[in-house]
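What follows is one structure encoded as structure tokens, with my remarks underneath.
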């Protein structure tokens, strides 16, 4: 996660095939590197995240733009945005206020289903 | 990422609506917490990952089960598997041999498209 991209933001926005297209975004604490959640972006949500510095997603359950923390106060300031080698997923490194998960846990990935011992 | 799940693995496998259903998995270095890649799982790939301890995915480009590193040698030992509050995405914490990205970069998220200064 050290190189700069040669693509312009406009080109990145065009990674979305249409206004409705969704791509996944991994959300990571910029200091601890803890993975906080996985969400989805459409082009507009990515544009808003860049323009405002506030992590903004597409809510698949509510079917609308979702400014993270708008109702809960648990906002995420976008520190850095990366995208992957295939250009079809994103990584937001954020400064998390409060917790990321609606359950009250810091990370949405608090349920461990398998760990080390089996192999 | 500290609690245990009360769900059984069999119940987790049933998070997949069908044999063909795909869910995203975030792949993270278990020591540094670096996010290495985002991939997709079907039920069989998750079962194989648990059974063998080798990270196994569904390749959407080749349309087949993909044992990571099988051809490149860049295998991933699965240290821990978590899933999120909604039960529709996974997190693999792995021990990465070599690099994760086919470009030769350690992480697939090596292209930074936006960083801090703008806000």
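So in the stretch A:97-113, with the set limited to residues that are touching a strand residue (DSSP E or B) at 6+ places or on another chain (Cβ under 8 Å) and under 16 Å from residue A:66 (Cβ atoms), which one is farthest from the other protein chains (Cβ to nearest Cβ)?
Of everything passing the filter in the stretch A:97-113, A:97 is farthest from the other protein chains (Cβ to nearest Cβ).
So that you can scan it fast, the table gives a plain yes or no per residue for (1) more than 9 Å from chain B (Cβ to nearest Cβ); (2) in contact with a strand residue (DSSP E or B) (Cβ under 6 Å, 6 or more places away or on another chain):
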site	(1), (2)
A:7	no, no
A:12	no, yes
A:21	yes, no
A:31	yes, no
A:35	no, yes
A:40	yes, yes
A:43	yes, no
A:59	yes, yes
A:92	yes, yes
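Of the conditions (1) more than 30 Å from residue A:10 (Cα to Cα); (2) surrounded by fewer than 18 Cβ atoms within 10 Å (Cβ to Cβ), residue B:76 fails just one. Which one is it?
Of (1) more than 30 Å from residue A:10 (Cα to Cα); (2) surrounded by fewer than 18 Cβ atoms within 10 Å (Cβ to Cβ), only one is false for residue B:76: (2).
For residue A:79, work out the one condition from (1) under 15 Å from the mean Cα position of the chain (by Cα); (2) away from chain B (no Cβ under 12 Å); (3) over 23 Å from residue B:86 (Cα atoms) it doesn't fulfil.
The failed condition is (2).
Across the stretch B:3-47, which residue is surrounded by the most Cβ atoms within 10 Å (Cβ to Cβ) among those that are part of a loop (DSSP other than H, G, I, E, B) and at pLDDT below 85?
B:15
Quick one: is residue A:81 out of contact with any helix residue (DSSP H, G or I) (no Cβ under 6 Å at 6 or more places or on another chain), surrounded by 17 or more Cβ atoms within 10 Å (Cβ to Cβ) and farther than 23 Å from residue B:109 by Cα?
No: the conditions fail for residue A:81.
Please note which strands (runs of 3 or more DSSP E) are completely contained in the stretch B:54-119 and include at least 3 residues that are modelled with pLDDT of 95 or more.
B:56-59, B:64-67, B:76-83, B:90-96
The values are calculated or read from the model by the stated rules, or taken from the named source; none is laboratory data. Predicted, not measured: the structure shown is a model, and the values here were computed from it. Ideal geometry is used to build each Cβ from the backbone, glycine not excepted, and the neighbour counts take in all protein chains shown.
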